[in-house]
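Any read-out appearing in this document is the output of simple, stated calculations on the displayed coordinates, not a laboratory observation. Everything numeric in this text was worked out from a predicted model, so none of it was measured. Counting neighbours? That spans all protein chains shown, and the Cβs are built from the backbone with ideal geometry, glycine included.
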Amino acid sequence: MIGLYTLLPSLLEGLVARNLRDGLGLAEAPEVNLVSDPAPSVLLGRFEEGEITLTNPELGGVRPDEVKIYLDPLDLDVPASVASGRIESEGPLSGMLRAELSEEEIARLAKSSANLAAPVSGVRLEEGYLVVGSEVEALGARVPVGVEGEMALRDDELLFEPRRLEVLGGDVPERLTRRLLEGMDFAYPIELPFEGEVSGVEIHEERLMLTGEVTDLSAG
């Protein structure tokens with residue numbers, strides 16, 4: 001019985017990983033960890049929680065460093081799953097989504113945007129906001145500027161909303177700021193490989209977090 005409690009979770013985790021790889025068309029199988037407490041519940045296929053980590057994830061053209069899915073409690077049909085080699089569950093696998101993007105990835109997205117009126121020299125992520133480095137034309141010269149703003153979600157797009165402009169270490173008058181900020185916003189579509197929704201975005205130092213909900217991983 002001890003051996004069964006030890007081996008069965010690993011077997012089911014492997015089935016979930018392979019089903020996700022095949023069903024979602026992933027290049028590599030994700031890492032899967034299922035938790036059953038108390039241990040005998042594993043024989044009934046009852047898991048209080050689980051964690052799935054996508055390897056080399058990609059959400060459309062957005063490439064996070066890490067994507068994790070924290071599974072809701074789930075009930076698996078153990079005999080049917082073992083016999084068929086596929087996960088059989090009473091309902092779809094669902095849970096919370098968390099994706100982490102690096103400062104370098106946000107800079108890549110900004111530089112690749114065709115909507116920007118000025119080239120991007122770099123991006124800096126701070127707590128609660130980010131600064132996009134660029135240049136503007138002033139008196140026949142190119143002047144380096146920092147465009148401070150926020151990231152938001154709109155119509156399945158990750159959107160940069162500029163708020164403040166800094167030139168040579170000083171603030172710019174509001175009227176001139178509005179004019180110079182025109183064309184400094186950019187958006188990038190987010191596409192999930194499964195059914196769900198990205199509903200939140202948080203900016204932290206050197207990283208950006210996307211959060212949301214997964215309604216069906218299509219593991220079966």
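Remarks
- Between amide H atoms placed 1.01 Å from N, distances below 5 Å from residue 123 occur with 133, all of them 5 or more places distant or on a separate chain.
- Taking Lys and Arg as +1 and Asp and Glu as -1, the other residues whose beta-carbon sits under 14 Å from that of residue 82 total -1.
- Order of 129, 188 - criterion: other Cβ atoms within 10 Å of each residue's Cβ, fewest first: 129, 188
- Normalised by 2.2 N^0.38 Å, where N counts its residues, the alpha-carbon radius of gyration of segment 37-83 equals 1.55.
- Taking 7 Å steps out from each Cα toward its Cβ at residue 55 and residue 82 produces label points 2.6 nm apart.
- Panel order for 68, 111, by other beta carbons found within 10 Å of each beta carbon, from fewest to most: 111, 68.
- Between segment 55-105 and segment 190-220, the alpha-carbon center distance in angstrom: 11
- Over all other residues within a Cβ to Cβ distance under 15 Å of residue 30, the charged ones net out to -4, with Lys and Arg as +1 and Asp and Glu as -1.
- Efficiency of FRET between residue 65 and residue 7 - r from beta-carbon atoms, R0 35 angstrom, step 0.05: 0.60
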